[in-house]
Amino acid sequence: MTYLAVELSGQGISVPGVPHYPPPARPLGPDAEGQWVRRWTSPEWTQTADAWVGRRLAEQGRRISGEPVTYRARFWSVVRCYPSVEGLVWFKENNPGHRFEAGLVAALARLAPEDVIVPIAVDRERSWLLTDDQGTTLTHPDVRHQPTRRIVVRALARLQCALLGRIDVAEHAGIIELAPSAAGDRVRAVAEEWASLQPGHPLRPEPDMLKRAEVAAEVVDRHTASLSDIVPLDLELNDVYPANIFADRSTGALRPRFFDFGNAIWGHPFVSLHGFLDSVEEWAGAPLSHADRDELLDVYLTVWRDHLDADPRLLRDDLAATEALVGVHRLVSWLRLVPYADSIEIRTRAQIPRQYLASVAELAGSA
């Protein structure tokens, strides 16, 4: 979910009594003619969503004070923004493949309200989520700033440790469980399934890609075979991306607040850190220096070591082994959407899962 702040005096804060205007809508994407975007831009759906938001705000003595805007509509989710006197509020509905997010956000907010978004209201059955605007997310200068990266990495580890063993995955239907030891077989299964698709299908991979995926699965097997059982399977956020982290500076110091959990899976939590570090390098357009990367790994593992009273050498080895799982987790998460996609959506968005398979196949180079 993407949020934008109303910038006031350079502070990016919401002030009661001051008009707040939704940002301009993002252009529709190539899946605009697919079933989900057409649904989410229809008058019928819009009226139903607006009525629900109005009722939820009224329960708190608030009201919509202007014209809402469907800020972004893609076949995996829709985000709609509403002005109110107290500030902007944001509404999200997910594709059924990620239906669990609204209920998961509510659970996380009960367990770690200082570290994640706290919803105004949720409707678990419809995967509807309503939250207040949270200000700005991390910026490119933030991401290039090593002290800021340290803060984010430490906050991520603290959040994960705070959640460890406290979430009942059975209460959040749709969160896929993927044990590290099963990841290689999952890659093989995806490659085999896609290879059986009809010629010309947008997900059908080239023969060379299939060969590299098979070798990559063996690499994943080798890496995961060395994992200890110190850290159990738990919530793997699977999308710790700078644009999914609010930069809460309301207390004068940066307090990261995480959001957008629709890609979460039940797996090894350490994979979340590798995903964040990959995004740092993507935003910076350059790899992290060895010194900066090592420092961030130390900051992260210190929190885990203190929480588990574990051997730091074993934790470091486990962290290294889980790096091979990043692409697998992203691929598995995205594939939850496929059963709910029509032919237009598959054709226009096939490059996303294909890219994830390609990122897994790159592991073949380390064989």
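The values are calculated or read from the model by the stated rules, or taken from the named source; none is laboratory data. Since the structure is predicted, the reported quantities are computational estimates derived from the model, not experimental observations. Quick reminder, even Gly has a Cβ in these numbers, built from the backbone with ideal geometry, and neighbours come from all protein chains shown.
Comparison of 23, 83, 30 shows that the only residue that is over 17 Å from residue 127 (Cα atoms), buried (at least 16 other Cβ atoms within 10 Å of the Cβ) and either touching a residue at least 60 places away in the same chain (Cβ under 8 Å) or not polar (S, T, N, Q) (or both) is 83. Which of (1) on the phi < 0 side of the Ramachandran plot; (2) in contact (Cβ under 8 Å) with a residue 60 or more places away in the chain is the odd one out, the single condition residue 181 does not satisfy? For residue 181, the exception is condition (2). Exactly one residue out of 162, 183, 179 is surrounded by 18 or more Cβ atoms within 10 Å (Cβ to Cβ) and at pLDDT 95 or above, and it is 183. Just one of the listed residues (311, 342, 306) is more than 26 Å from residue 28 (Cβ to Cβ) and either out of contact with any Cys (no Cβ under 9 Å at 6 or more places or on another chain) or aliphatic (A, V, I, L, M) (or both), namely 311. Taken over the stretch 27-85, the criterion of being charged (D, E, K, R) and either within 21 Å of residue 339 (Cβ to Cβ) or in a helix (DSSP H, G or I) (or both) is satisfied by 31, 33, 38, 39, 44, 50, 55, 56, 74.
Residues of the stretch 325-355 that are among the aliphatic types (A, V, I, L, M), more than 14 Å from residue 95 (Cβ to Cβ) and under 18 Å from the mean Cα position of the chain (by Cα): 325, 326, 328, 331, 332. Just one of the listed residues (146, 198) is within 26 Å of residue 255 (Cα to Cα) and in the same structural domain as residue 218 (by TED's automatic domain parsing), and it is 146. Is it true that residue 321 is of a type outside the set (D, E, K, R), over 30 Å from residue 38 (Cβ atoms) and more than 22 Å from the chain's Cα centre (by Cα)? Answer is no for this residue.
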